[in-house]
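Participant: Once you've had a glance at the structure underneath, I'll fire off some questions.
The values are calculated or read from the model by the stated rules, or taken from the named source; none is laboratory data. These figures come from a predicted structure and were not determined experimentally. For neighbour counting, all protein chains shown are included, and Cβ atoms are generated from backbone atoms with ideal geometry for every residue, glycine included.
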Amino acid sequence: MKDAIKERLDNRGQVGIGTLIVFIAMVLVAAIAAGVLINTAGFLQSKSEQTGQDSSAQVSNRVQVVSGFGTVNDSSGNEVVDQIDLTVMRGSGSDDINLSTATIEWIGPNTATTLVENDTATNSDFSVSDIKDQDGSVPVLNSQDDRFTISMDAAAISGSDGLGEGQTVELRLTTQYGAVTLYRANVPQSLSQESAVTV
């Protein structure tokens with residue numbers, strides 16, 4: 001009788017130890033799973049923050065075009081706009097914008113190309129000069145008061161004498177943040193006896 005009771009107690013002890021081992025294993029698995037979830041959540045949070053910052057920069061860090069002018073040339077016997085100048089400023093609430101790292105997509109009647117900044121405007125470049133720049137930061141728009149001129153050689157870019165009466169060029173200025181400013185330069189229907197026109 002004592003042997004039977006002892007055997008039953010031994011069996012219960014073995015069952016208890018087995019249950020304890022299973023319980024510990026479950027706790028370990030749960031702890032590992034929790035660690036993986038916490039790491040994944042942290043990774044996703046940092047990614048979402050970065051994505052949010054990038055998206056915000058693309059929206060807010062824009063260049064604002066104040067005005068556009070075209071220089072009229074009639075040396076070929078036809079009045080054409082052979083240079084386009086845009087007056088630009090930093091968009092409201094934007095960070096510093098370095099125009100030397102910006103690009104301009106020129107989509108015109110005769111050609112489509114991407115322009116980059118250079119000291120002199122040629123068929124693949126645009127130049128930047130200052131109108132108002134108190135700290136000499138050109139080509140970086142680092143103040144809301146800064147006003148710069150972006151100059152493009154329309155004749156060289158278009159591969160002709162320039163832009164004729166009534167022609168249109170679409171300009172897409174992209175900053176280093178990926179923010180895009182669209183500007184449509186429209187040449188007036190008549191350039192007769194004009195030296196410069198608003199475009």
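Participant: Going by the structure shown, is residue 158 out of contact with any Lys or Arg (no Cβ under 8 Å at 6 or more places or on another chain), closer than 23 Å to residue 74 by Cα and assigned by TED's automatic domain parsing to the domain that holds residue 92?
Facilitator: On the way: out of contact with any Lys or Arg (no Cβ under 8 Å at 6 or more places or on another chain): yes; closer than 23 Å to residue 74 by Cα: yes; assigned by TED's automatic domain parsing to the domain that holds residue 92: yes.
Criteria met by residue 158.
Participant: Still on this structure, I have one more. Among the residues of segment 50-62, are any closer than 30 Å to residue 147 by Cβ and at pLDDT 75 or above? Full working, then the answer.
Facilitator: At the first step, the residues of segment 50-62 found to be closer than 30 Å to residue 147 by Cβ are 53-62.
Cutting the leftovers down to at pLDDT 75 or above gives us 61-62.
The answer is yes, given that some residue of segment 50-62 is closer than 30 Å to residue 147 by Cβ and at pLDDT 75 or above.
Participant: Also, quick follow-up: Regarding segment 72-87, can at least one residue be identified that is of a type in the set (Ser, Thr, Tyr), modelled with pLDDT under 95 and either assigned to a strand (DSSP E or B) or surrounded by fewer than 21 Cβ atoms within 10 Å (Cβ to Cβ) (or both)?
Facilitator: From segment 72-87, those of a type in the set (Ser, Thr, Tyr) are 75-76, 87; that's our starting set.
With the extra rule that they be modelled with pLDDT under 95, the set shrinks to 75-76.
If we keep only those that are either assigned to a strand (DSSP E or B) or surrounded by fewer than 21 Cβ atoms within 10 Å (Cβ to Cβ) (or both) too, we end up with 75-76.
So far as segment 72-87 goes, yes, one or more of its residues are of a type in the set (Ser, Thr, Tyr), modelled with pLDDT under 95 and either assigned to a strand (DSSP E or B) or surrounded by fewer than 21 Cβ atoms within 10 Å (Cβ to Cβ) (or both).
Participant: Please tell me if residue 130 is assigned to a strand (DSSP E or B) and charged (D, E, K, R). Reasoning before the result, please.
Facilitator: Working: assigned to a strand (DSSP E or B): yes; charged (D, E, K, R): yes.
When the stated conditions are applied, residue 130 passes them.
Participant: Further question: Need the failing condition index for residue 101 against (1) under 14 Å from residue 157 (Cβ atoms); (2) touching a residue at least 24 places away in the same chain (Cβ under 8 Å); (3) not aromatic (Phe, Trp, Tyr), just the number.
Facilitator: The failed condition is (1).
Participant: Could I ask something else about it? Only one of 91, 136, 68 is assigned by TED's automatic domain parsing to the domain that holds residue 181, out of contact with any Pro (no Cβ under 7 Å at 6 or more places or on another chain) and at positive phi; which?
Facilitator: Details: 91 fails: at positive phi; 68 fails: at positive phi.
When all the criteria are applied, what remains is 136.
Participant: Find the residue count for segment 156-188, including only residues that are surrounded by 21 or more Cβ atoms within 10 Å (Cβ to Cβ), polar (S, T, N, Q) and over 15 Å from residue 71 (Cβ atoms).
Facilitator: Residues that pass the stated criteria total 1.
Participant: Is it the case that residue 123 is surrounded by 14 or more Cβ atoms within 10 Å (Cβ to Cβ) and either part of a strand (DSSP E or B) or at pLDDT below 95 (or both)? Don't jump to the end; show me each part of the working.
Facilitator: Values: surrounded by 14 or more Cβ atoms within 10 Å (Cβ to Cβ): yes; either part of a strand (DSSP E or B) or at pLDDT below 95 (or both): yes.
Yes; evaluated as a whole, the condition is true for this residue.
Participant: Of the residues 189, 134, 176, which single one is farther than 19 Å from residue 89 by Cα and not aliphatic (A, V, I, L, M)? Steps first, please.
Facilitator: Details: 134 fails: farther than 19 Å from residue 89 by Cα; 176 fails: farther than 19 Å from residue 89 by Cα.
Result: 189 is the single residue among 189, 134, 176 that is farther than 19 Å from residue 89 by Cα and not aliphatic (A, V, I, L, M).
Participant: Continuing with the same structure: Quick one: which strands (runs of 3 or more DSSP E) sit completely within segment 134-195 and have at least 2 residues that are without any contact (Cβ under 8 Å) to a residue 40 or more places away in the chain?
Facilitator: Numbers: elements: 147-152, 168-174, 180-186.
Fully inside segment 134-195 and qualifying: 180-186.
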